[in-house]
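**Q** I'd like to ask some things about the structure below.
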Amino acid sequence: AQSVTQLDSQVPVFEEAPVELRCNYSSSVSVYLFWYVQYPNQGLQLLLKYLSGSTLVKGINGFEAEFNKSQTSFHLRKPSVHISDTAEYFCAVSDRDYGGSQGNLIFGKGTKLSVKP
Amino acid sequence: NAGVTQTPKFQVLKTGQSMTLQCAQDMNHNSMYWYRQDPGMGLRLIYYSASEGTTDKGEVPNGYNVSRLNKREFSLRLESAAPSQTSVYFCASSKWDRRNTEAFFGQGTRLTVV
């Protein structure tokens, strides 16, 4: 069965500092990987996704993530954060096995990023 | 485009009452999902529907039923609400083909069971 572990529940950081939000996954098959962001009292918005190809994926708002198959990780990074990046970030995994659990999208527990001035 | 629309946005129920949460998408997506979000628990999958006419249990299906009414609509029913079902519920949909599996989310339904 798939699972996603976000290693940090909260990450405080100062404005303009770099940040890394960690995500590890487990799956018995090849996967698609996603990062979503949730601003207060809103739904989730896709930041970036890895489907295949280059392991370094760039997303919106200056975020990027690197897929590491050997370490089963998909960490999210931003070189310089802004106050407006304060939000909760969710890593998610979905099977690439269409014959099995098609459409099953599993989320981690989330990391709250707090950017301080 | 409206995207994914959930109704209602807020609801208060008494223990034992029933209700149906409605979800509709206008993106011609095959797959639809219901999640609940609780503090510190992330999003947990309740049920999903990979295509019209099919539904499958997710991680936390107990106490819920779903109906995939047509390709656009996927409803979630609480037959006898319990305080443990107090949560924020999100509906999502995705195209689910080999090139694009992004899920789009509704704005959520905040449900309180007293």
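The values are calculated or read from the model by the stated rules, or taken from the named source; none is laboratory data. Remember, predicted model here, so these are calculated numbers, not experimental data. With ideal geometry, Cβ positions are generated from the backbone for all residues, glycine too; neighbour counts draw on all protein chains shown. Just the protein is used for accessible areas: all its heavy atoms, side chains included, with ligands, DNA and RNA removed. Shrake-Rupley method; radii C 1.70, N 1.55, O 1.52, S 1.80 Å.
**Q** Around A:Asn104, which amide H atoms from residues at least 5 apart in sequence, or from another chain, sit under 5 Å from its own amide H, with H modelled in the peptide plane?
**A** Those qualifying (amide H under 5 Å, at least 5 residues apart or on another chain) are A:Asp95.
**Q** I'd like the per residue volume of the convex hull spanned by the Cα atoms of segment A:14-77, given in cubic angstrom.
**A** Measuring per residue, one finds 109 Å³ for the Cα hull of segment A:14-77.
**Q** Here is a follow-up. Taking only Cα atoms of the protein assembly as shown, what ratio of Rg to Rh do you get with Rh as the Kirkwood inverse-distance radius?
**A** 0.97
**Q** Further question on the same structure: Please name the residues of segment B:31-50 whose accessible area, counted over protein heavy atoms with a 1.4 angstrom probe, falls by no less than 50 Å² between the chain alone and the full protein assembly.
**A** Residues meeting the cut-off: B:Leu43, B:Tyr48.
**Q** Computing the accessible area with a 1.4 Å probe over protein heavy atoms, can you report the carbon and sulfur percentage for chain A?
**A** On chain A, the fraction of accessible area on carbon and sulfur atoms equals 49 percent.
**Q** Between chains A and B, what is the buried accessible area summed over both chains (1.4 Å probe, protein heavy atoms, nearest 100 Å²)?
**A** Counting both chains, the buried surface is close to 2000 Å².
**Q** Please work out the Cα convex hull volume for chain B and give it in Å³ per residue.
**A** Spelled out: Cα convex hull of chain B, divided by residues, is 96 Å³.
**Q** Beyond 27 Å between alpha-carbons counts as too far, so tell me which of A:Lys109/B:Lys9; A:Lys58/A:Lys116; A:Lys78/B:Lys95 fall in that bin.
**A** Checking Cα-Cα distances, A:Lys78/B:Lys95 exceed 27 Å.
**Q** To the nearest Å, what is the center-to-center distance of segment B:50-114 and segment A:1-80, using C-alpha atoms only?
**A** 24 Å
**Q** Please identify every one of the trypsin sites (Lys or Arg not before Pro) in segment A:1-97 that sits in a loop by DSSP and has no more than 10 other beta carbons within 10 Å of its own beta carbon.
**A** The qualifying sites are A:Lys69.
**Q** Can you list the trypsin sites (Lys or Arg not before Pro) in segment B:33-114 that are in a DSSP coil and have 14 or fewer other beta carbons within 10 angstrom?
**A** When the trypsin sites (Lys or Arg not before Pro) of segment B:33-114 are filtered for loop state and at most 14 Cβ neighbours within 10 Å, B:Arg98, B:Arg99 remain.
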